[in-house]
Each structure stands twice: as structure tokens, then as C-alpha cells.
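The values are calculated or read from the model by the stated rules, or taken from the named source; none is laboratory data. Keep in mind the model is a prediction, meaning the values are calculated, not measured. Glycine gets a Cβ as well: all are built from the backbone with ideal geometry, and neighbour counts include every protein chain shown. Quick note on the areas: whole protein, heavy atoms, side chains included, nothing else; ligands and nucleic acids left out. Shrake-Rupley method; radii C 1.70, N 1.55, O 1.52, S 1.80 Å.
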Amino acid sequence: GLELSHCVGASSLGPAVPWRSGGPCKMKRVRTVFKPEQLERLEQEFLKQQYMVGTERVDLAATLHLTETQVKVWFQNRRIKWRKQSMEQKAAKLSQFGVIQPATADSTDIKDHEEDTVDIEL
């Protein structure tokens, strides 16, 4: 599961309900910090395939001592970075030839699109 930090802003008005919006207790997820060895292995796997699903993801997560969700999210974020780099390289090539390019999607558009996708485990 997700690691959560301690409840902040709790008051004496009653028991804290972590996920209630506007409640006295706000829970915040702790950002995962990957070890260099984990990142190296994740990058190696990404070079082989940009999508990691099913038992492959479970096995990789176990090998790296991570949760399946951490591996899934890492791959989602890495695909966003990969697409952004691809668009920047394409734009650089076009600018070398003096081609005027239409406005490209910024990273928030890509992120919104990525969040709309559904991961299907086989």
C-alpha cells in the first residue's frame, strides 16, 4: 500500500477521518525514493519494453523490494518522460530545417492523457 505521513491539523472536535474532504485530518502520501540499483534495473526493463503488466510486474516488484503499484507508477511516469523527450527531439529536428511547428502539447496534457488510461493486467 501507500505510505502515509502523520495526520496534520487535527483538532479536538472529534475523531479524525483521513479521507474525508475538509476534515480536520489531512493525510499525505510519502514520496517514494528509489535506490540507484532499483532505478538502474527499472531503466533496463524500460529499454526492453515500455509497458510492464501482469506477472512480469509482480516479479520485478518482488525482485526490487517494491510494491506492484510503485513499479506501475514508475513505468507510467517514465513513459511520460519518454514521450516528452521524443517530442522535443522531433521539434529540434524540424527547427534545423526551418520548419515552423504548431504548438505542442505540454507535459500537463500528456499527464492528463496518461491518467485517463486504464491498466489491464493479464
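Brief remarks follow.
- Solvent exposure of the range 36-95 amounts to 64 Å² per residue of accessible area, where only protein heavy atoms count and the probe is 1.4 Å.
- Distances between placed amide hydrogens fall under 5 Å for K26 paired with V8, all partners being 5 or more residues away or on another chain.
- Given K48/K93; K35/K93; K28/K81; K35/K84, the pairs whose alpha carbons are separated by over 29 Å: K35/K93
- Each residue of the range 32-41 was assigned a 3J(HN,Hα) from its phi angle through the Karplus curve 6.51 cos²θ - 1.76 cosθ + 1.60 (θ = phi - 60°); the sequence is 6, 10, 7, 6, x, 5, 5, 4, 4, 5 Hz, with glycine and proline shown as x.
- Site pair V99 and Y51 shows an inter-label distance of 2.7 nm when each label is modelled 7 Å from Cα along Cα→Cβ.
- For the range 72-87, 3J(HN,Hα) computed residue by residue from phi via the Karplus equation (6.51, -1.76, 1.60; θ = phi - 60°) reads 4, 5, 4, 5, 4, 5, 5, 5, 4, 4, 4, 5, 4, 5, 5, 5 Hz, glycine and proline entered as x.
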